[in-house]
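Single-structure report; data block below.
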Amino acid sequence: VVMEEKKLTLVLGASLKVERYSNRAIRKLREHDQPVVAVGLREGMITDVPIVKTIPADIHVDTVAMYLNTDNQKAWEKQLLALHPKRIIFNPGAENPGFAKEAGSAGMETLEACTLVMLGTGQF
């Protein structure tokens with residue numbers, strides 16, 4: 001039996017508001033049994049996932065699901081480059097060609113895509 005490898009997804013811009021796409025993505029990732037670290041402005045819980053205000057040290061991130069606009073990404077760019085995730089998904093509204101180019105040059109896959117659509121169509 002081949003077990004599907006569980007890869008950690010960092011959701012940056014996590015929101016406690018259920019109508020927000022970041023919140024919906026966290027719930028959908030958990031429905032798919034994917035491990036999630038949620039980072040947002042306000043601490044709280046989305047299903048079994050705590051929202052924290054900083055990226056935890058010593059985590060190995062496969063995918064970053066970006067839900068911050070370009071201006072709000074600036075504070076996180078160096079930390080994300082240091083994390084060196086396999087890929088960064090720039091969700092609608094989070095497109096950032098400059099940072100995507102920098103991450104791509106550092107060997108990370110960058111996508112302008114919707115995490116929810118990718119999960120729903122099996123492309124995640």
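Key figures for this structure:
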{"quantity": "Helices (runs of 4 or more DSSP H) completely within the stretch 16-103 that count 2 or more residues being modelled with pLDDT of 95 or more, open to solvent by less than 50 Å² (accessible area, probe 1.4 Å) and small (Gly, Ala, Ser)", "calculated": "21-31"}
{"quantity": "Residue list for the stretch 1-15, filter: at negative phi and either surrounded by 11 or more Cβ atoms within 10 Å (Cβ to Cβ) or in contact with a Ser or Thr (Cβ under 7 Å, 6 or more places away or on another chain) (or both)", "calculated": "Lys6, Lys7, Leu8, Thr9, Leu10, Val11, Leu12, Ala14, Ser15"}
{"quantity": "The stretch 104-118, residues that are buried (at least 16 other Cβ atoms within 10 Å of the Cβ) and over 13 Å from the mean Cα position of the chain (by Cα)", "calculated": "Met108"}
{"quantity": "Number of positions in the stretch 51-72 that are closer than 19 Å to Cys114 by Cα and without any contact (Cβ under 8 Å) to a residue 40 or more places away in the chain", "calculated": "2"}
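The values are calculated or read from the model by the stated rules, or taken from the named source; none is laboratory data. Small disclaimer: the values here were computed from a predicted structure and weren't measured. All Cβ positions, glycine included, derive from the backbone under ideal geometry; neighbour counts span all protein chains shown. Calculation scope for accessible area: heavy atoms of the full protein, side chains included, ligands and nucleic acids excluded. Shrake-Rupley method; radii C 1.70, N 1.55, O 1.52, S 1.80 Å.
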